[in-house]
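Take a look at the structure below.
The values are calculated or read from the model by the stated rules, or taken from the named source; none is laboratory data. Bear in mind the structure is a predicted one, so any value in this text is a computation, not a measurement. Quick reminder, even Gly has a Cβ in these numbers, built from the backbone with ideal geometry, and neighbours come from all protein chains shown.
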Amino acid sequence: MKKKVLGALLSVAMVATLLVGCGGGDAAPATTEAPAAEAPAADAAAPADTAATGSGKKVGVAMPTQSSERWINDGANMKAQLEALGYEVDLQYAEDDVQMQVSQIENMIASGVNCLVIASIDSGALVNVEAQAKEAGIPIIAYDRLLMDTDAVSYYATFDNKGVGTAIGKYIEEKKDLANTSETFTIEFFMGSPDDNNAHMLYDGLMEVLQPYLDNGTLICKSGRTSFDDTCILRWSQETAQQNCENYLTGFYADEDLDICATAFDGFAYGCKAALEGAGYTEANWPLITGQDAELMATKNIISGKQTMSIYKDTRLLAEKCVTMVQAVLEGAEPEINDTEQYDNGKIVVPSYLCTPVAVDKDNYEEIIVEGGYYTAEQLAE
């Protein structure tokens, strides 16, 4: 297949164009410490205009897994900021075990928490336990993943999930100059978990940008797998992404190169990287690979050229916005909200605060990630 010479590297101005939005059984023991060398430093200081007023109040924080760096960082940032305000924090990880998360939340309710923050594994499995919390008068804040089919949730703190997909799509569009090229590029898709509402919204944003190029033949998906149902990967499994990529390479790309791996998560990018290396791809024919979360390993891969870009989502900021929601609901105030329309969970439209995702690549990671204090140059050099 004719290969197009990559155009000029992205300018800083492109970063601006990618800005979107605002910016049961026995519970498993809680795990609350993230590896300090790996995670961005949590800002433990309370916001300047607030006092530590949380004394005597307890917040339960239910996180999905420690298998992904970003959730470790989220939990650490949340815990530090809540404790700085004087709250007791019960932080637990369910290791992607749905029933374990149900059990953990049940035990949080029984222990008398005053507020729940939930980043769900499968929100459909939490409806009953959320109803228990509502009956007990415990407010719930959905964190990063929308809690579906419940009226028990009070607020939602997240990034603009459709905007994440749009940013990935626009990056591919601009990097390959799809609007102006006469060449064609092969592409395969690796989308998020079907039980995560964010994954659906990301896919919608991505396809709003890329579908016209699939329709006019500029992008060619040789596997034919372009729908969400055909490309979604349960529980955001890196192993499944690798297996899918291996199957695509064997079945459809024996005689020509795969040009683009459109992945929705850094873990998927790692899986594609492993599959491509196994298939003999080198720097000479390495495809464009997208990702999400700007994990430490992903950023290192961007520097080395093994991953092209990722979506940077500052978990410190997201934790801060969620903490202000917790404080507001516990102190009888109104939290800051910037979206009251997008997030219909099937029962109610959940008032939300959307933070801004940013596309990062080899050209801007130093400015965005290092100068922003998310990772140090030393961490990235290890």
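Across the range 215-227, not a single residue is classified as basic (Lys, Arg), at pLDDT 95 or above, farther than 20 Å from Tyr270 by Cα and under 19 Å from the mean Cα position of the chain (by Cα).
For the range 273-289, what are the residues that are in contact with a Gly (Cβ under 9 Å, 6 or more places away or on another chain) and surrounded by 17 or more Cβ atoms within 10 Å (Cβ to Cβ)? Spell out the reasoning first.
Restricting attention to the range 273-289, the residues satisfying the condition of being in contact with a Gly (Cβ under 9 Å, 6 or more places away or on another chain) are 283, 286.
Answer for the range 273-289, where residues must be in contact with a Gly (Cβ under 9 Å, 6 or more places away or on another chain) and surrounded by 17 or more Cβ atoms within 10 Å (Cβ to Cβ): just Trp286.
A count restricted to the range 120-141 and to residues that are among the acidic types (Asp, Glu) and within 26 Å of the chain's Cα centre (by Cα) stands at 2.
Kindly indicate whether Ala269 is hydrophobic (A, V, I, L, M, F, W, C), modelled with pLDDT under 95, surrounded by 24 or more Cβ atoms within 10 Å (Cβ to Cβ) and part of a helix (DSSP H, G or I). No. Total residues in the range 230-260 satisfying the condition of being surrounded by fewer than 20 Cβ atoms within 10 Å (Cβ to Cβ) and over 21 Å from Asp96 (Cα atoms): the figure is 10.
Which of the residues belonging to the range 248-261 are closer than 27 Å to Arg70 by Cβ and either in a helix (DSSP H, G or I) or touching a Cys at 6+ places or on another chain (Cβ under 9 Å) (or both)?
Kept after step one, since they are closer than 27 Å to Arg70 by Cβ, are these residues of the range 248-261: 248, 258, 260-261.
Once the filter is applied, which keeps residues that are closer than 27 Å to Arg70 by Cβ and either in a helix (DSSP H, G or I) or touching a Cys at 6+ places or on another chain (Cβ under 9 Å) (or both), the range 248-261 yields Tyr248, Leu258, Cys261.
For the range 96-211, which fully contained helices (runs of 4 or more DSSP H) count at least 3 residues that are in the same structural domain as Trp236 (by TED's automatic domain parsing) and surrounded by fewer than 24 Cβ atoms within 10 Å (Cβ to Cβ)? Explain how you work it out, then say what you get.
Values: elements: 98-110, 127-135, 161-175.
So the answer is 161-175.
A search for C-beta distances below 6 Å between a residue of the range 159-185 that is closer than 10 Å to Thr218 by Cβ and any residue that is assigned to a helix (DSSP H, G or I) and modelled with pLDDT of 95 or more, counting only pairs 6+ apart in sequence or on different chains, returns Glu173/Val209; Leu178/Tyr213. Filtered by the rule that a residue be β-branched (Val, Ile, Thr) and under 30 Å from Phe252 (Cβ atoms), the range 137-187 gives Val164, Thr166, Ile168, Ile172, Thr181, Thr184, Thr186, Ile187.
Filter the range 296-332 down to the residues that are within 30 Å of Tyr248 (Cβ to Cβ) and at pLDDT below 95 and list them by number.
Taking the range 296-332 and keeping what is within 30 Å of Tyr248 (Cβ to Cβ), we get 296-313.
The one that is within 30 Å of Tyr248 (Cβ to Cβ) and at pLDDT below 95: Lys313.
Select from the range 148-164 the residues that are closer than 13 Å to Pro351 by Cβ and over 14 Å from the mean Cα position of the chain (by Cα) and list them in ascending order.
Filtering the range 148-164 for residues closer than 13 Å to Pro351 by Cβ gives 151, 153-158.
Passing the criteria: Asp151, Val153, Ser154, Tyr155, Tyr156.
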